[in-house]
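The values are calculated or read from the model by the stated rules, or taken from the named source; none is laboratory data. Bear in mind that the values here come from a model prediction, so they are computed numbers and not experimental data. Glycine gets a Cβ as well: all are built from the backbone with ideal geometry, and neighbour counts include every protein chain shown. Keep in mind that these areas ignore ligands, DNA and RNA; they rest on the heavy atoms of the full protein, side chains included. Shrake-Rupley method; radii C 1.70, N 1.55, O 1.52, S 1.80 Å.
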Amino acid sequence: MQSNPTDTPLSFSNFSLAEPLLSAVKKMGYQTPTPVQQQAIPLALDYKDLLVSAETGSGKTAAFLLPTLDHLLTLTSTSFGTRALILAPTRELAQQIFKQCQQLIEYTDLTIGLITGGEDFRLQQNMLRRNTEVVIATPGRLLELMEQEIPNFTHLEVLILDEADRMLDMGFSEDVLSIANSCNAQRQTLLFSATLTHFGVIKMADKVLKNHEVVALNTLHDGHRNIEQQIIVADDNDHKQKLLAWLLLNETYDKALVFTNSRIQADTLRGPLRGQKLRVGVLHGEMDQKERNRMMELYRDGEVKIMIATDLAARGLDIKGINLVINFDVPRNGINYIHRIGRTGRVDELGLTIALVKSTEWNLMSGIERFLKQKFKRRTIKELEGKYKGPKKLKASGKAAGIKNKIEPKKADKEKVKVRHRDQKNIGKRRTPSEPKPVEPQEPST
Ligand code: AMP
């Protein structure tokens, strides 16, 4: 089912999209379709269900919005109710899709609406009652609304699940499935995910897609060609703080994003950085929606150039000009790492990402390198060189060779053979007369 494009169009006009959409694309300054757009748009225009692996920054939003809006413009609908529903994991991502959709429908009469938590419930109910044609929603709030009064998705033409892997990681699997089940069964479904190596994504694809095509653009091992990836080793968190301040004062960047694994660590960094006269913002899940929106705005407008964030901000954050991402804490796994560094080096930009790694994080970092099949560049800052230089001895895997591994297993352990209960059950047991004899293979009679 792998899609295999042959003649890749070089401009949006090759897609034979409706005229108002082409005008909007032109106004937005898109000249050449990105790879995901080149592959996904023709298939989606052909009403195919799609499973697409593409990361944020690849142009995936327009890859699903353009064909969807084209359907809505070219098919005359006799139905009522929502015609296209887009589900996204976070409010921020839903807002960004909404903004892009607003720009794309500028020359049309299509109506769109946004449904996310933290906003007025009644206004959202009214919007659904008005049969808004395109609805962009986070699953939690949409389900809440659906419990009050079922929105009309029985005539839905297109269902889009954006960042499905993230929705699953956030525990939305059941919500997404129950929303999908209440939608018109004849709809077209487009499922986008940063990775296809997520078991849950494949399971979900089985449940919601029909005869789908796969567009696999981004496998985890593709690498991020426009992002330089570096590692700096550190003695401890104090040393990391000094390195972080140095990098933020000496690197060239438009906007920097610093990731921590915890809200507490994010808050802790703010003081020392401000002490260095650096203007920093903090973004994490414990902040109320108003404060989060304000922070995002300051960052988007460039009033704050440095943002310290937990993983909440890692997905779907589409802010131009982030060209430095620093992992103050090493992320917990390779997928998280991808999502974090995906904030930099967007469509036409170059980015630098630096991980600060202390001894206890070495194995985690080398596991991430192995997972991505990449070796990141080791870097030192001369004036801040610490005592820790990385493990003295490395295993072939790149992990630190520890004393623990030198201990030979006990002889008795080595020779232990697993004996299953079921293997013992029939030892010496006779067949009772009622038990059939095992059947011997017979020669065919000629
Ligand atoms: P996305 O991956 O959808 O989050 O898109 C990342 C950024 O790329 C957004 O700011 C889009 O407006 C922009 N973009 C999308 N498609 C194109 C294109 N064909 N040419 C230039 N920029 C694009």
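Surface composition of the range 62-218: carbon plus sulfur atoms contribute 49% of the solvent-accessible area (1.4 Å probe, protein chains only, all chains present).
Roughly how large, in nm² to one decimal, is the mean projection of the convex hull of the alpha-carbon atoms in the range 233-272?
Quarter of the Cα hull surface area: 3.2 nm².
In nm², what is the average projected area of the convex hull enclosing the Cα atoms of the range 12-216?
Working: hull surface 41.0 nm².
Projected over every direction and averaged, the Cα hull of the range 12-216 covers 10.3 nm².
Fully extending the segment from ILE202 to VAL214, taken as 0.36 nm per residue of separation minus the present Cα-Cα distance, adds 3.2 nm. Within the set LYS240/LYS277; LYS27/LYS305; LYS48/LYS320; LYS26/LYS99, which residue pairs have Cα atoms separated by over 22 Å? As for pairs spanning more than 22 Å Cα to Cα, those are LYS27/LYS305; LYS48/LYS320.
Extension gain for the segment ASN181 to PHE121, taken as residue separation times 0.36 nm less the Cα-Cα distance, is 19.3 nm to one decimal.
Note down the relative contact order for the range 12-216 as a percent, whole number, built from C-alpha pairs under 8 angstrom at least six residues apart.
Details: 346 pairs, mean separation 59.4, N = 205.
Averaging sequence separation for qualifying contacts and normalising by length gives 29 percent for the range 12-216.
Within the range 52-151, the chymotrypsin sites (Phe, Trp or Tyr not before Pro) that combine a DSSP coil assignment with at most 10 other C-beta atoms in a 10 angstrom radius are PHE80. Structural descriptor for the range 227-384: relative contact order 35 percent, calculated from alpha carbon pairs under 8 angstrom and at least 6 residues apart. Remark: spin-label model distance TYR107-ILE381 equals 5.0 nm, labels positioned 7 Å along the Cα→Cβ axis. Shown in residue order for the range 114-131 are the 3J(HN,Hα) couplings computed by the Karplus curve 6.51 cos²θ - 1.76 cosθ + 1.60 at θ = phi - 60°: 10, 10, 9, x, x, 10, 5, 5, 5, 4, 5, 4, 4, 4, 5, 5, 6, 6 Hz (x for Gly and Pro).
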